[in-house]
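*Asks:* I'd like to ask you about the structure that follows.
The values are calculated or read from the model by the stated rules, or taken from the named source; none is laboratory data. If you're wondering where the values come from, they're calculated on a predicted model, not measured in any experiment. All Cβ positions, glycine included, derive from the backbone under ideal geometry; neighbour counts span all protein chains shown.
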Amino acid sequence: VVVMNAGMVEQIDIPQAIYYRPASLFVARFLGMSNFLPGQLENSKDGMRVLTALGHYPLSLSSMANLSANPVSQDPEIPVTVLLRPDALYLDRHLPCQITGIVQEVSFRGRDCQLIVLSEGISLVLEIPIKKSPPKAGAKVTLGFDPEEALLVYT
């Protein structure tokens, strides 16, 4: 599969690789991803982290895979965007990365339920199994994600 932008190739790969590792913000938007957290890289005693409006999050080697191909990789002066797929966010999970917010919308989607959660002015979309009783609009919730499931791209 080839993803192009204004006649220029953005990414060439198999569909699964493009979905799980979009090479750019354009590719992520083209795929319909909706959770984008602008941030800055920072060094910490525990390794690289990213500072976003929603908090400081540790980075895994896999989340930084797209950055390593760039000659200016891991430069804290260059802005990055954290990409989180809706299926990579979890409701009330005890995961290393936590985000609190208020449920804005709950939509039934067959086997799943889609939630839109507002945190610090940023809307986040997540999908949860319908088996679980979804929270109601207006409820305060804690979302969790694993840094292995986050991806960074240069902004």
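*Asks:* Which one of the conditions (1) modelled with pLDDT under 90; (2) over 22 Å from Ser119 (Cα atoms); (3) surrounded by fewer than 19 Cβ atoms within 10 Å (Cβ to Cβ) does Pro79 fail to meet, given that it meets all the rest?
*Replies:* The single condition Pro79 does not satisfy is (2).
*Asks:* While we're on this one: Does the range 115-130 contain at least one residue that is at pLDDT 95 or above, surrounded by 15 or more Cβ atoms within 10 Å (Cβ to Cβ), more than 18 Å from Ala53 (Cβ to Cβ) and touching a strand residue (DSSP E or B) at 6+ places or on another chain (Cβ under 9 Å)?
*Replies:* yes
*Asks:* Going through the range 138-155 one residue at a time, which ones are closer than 14 Å to Leu41 by Cβ and in contact with a helix residue (DSSP H, G or I) (Cβ under 6 Å, 6 or more places away or on another chain)?
*Replies:* Listed by number, the residues that qualify are Leu152, Val153.
*Asks:* How many residues are assigned to a loop (DSSP other than H, G, I, E, B) and at pLDDT 75 or above when one looks only at the range 29-71? Quick ask: steps written out before the conclusion?
*Replies:* As a first pass, look at the range 29-71 and keep what is assigned to a loop (DSSP other than H, G, I, E, B): 31-34, 45-46, 53-54, 59-64, 69-71.
Pick out the ones that are also at pLDDT 75 or above and you get 31-34, 45-46, 53-54, 59.
Residues that pass the stated criteria total 9.
*Asks:* Can you pull out every residue in the range 127-155 that is free of Cβ contacts under 8 Å to residues at least 40 places away in the same chain, farther than 25 Å from Ile18 by Cα and touching an Asp or Glu at 6+ places or on another chain (Cβ under 9 Å)?
*Replies:* Scanning the range 127-155 gives Ile130, Ala137.
*Asks:* For the subset of the range 10-21 comprising residues that are surrounded by 15 or more Cβ atoms within 10 Å (Cβ to Cβ) and in contact with a strand residue (DSSP E or B) (Cβ under 7 Å, 6 or more places away or on another chain), which member is modelled with the lowest pLDDT?
*Replies:* Arg21
*Asks:* Given the conditions (1) under 15 Å from Asn35 (Cβ atoms); (2) modelled with pLDDT of 85 or more, which single one is not true for Thr155?
*Replies:* Among (1) under 15 Å from Asn35 (Cβ atoms); (2) modelled with pLDDT of 85 or more, Thr155 violates only (2).
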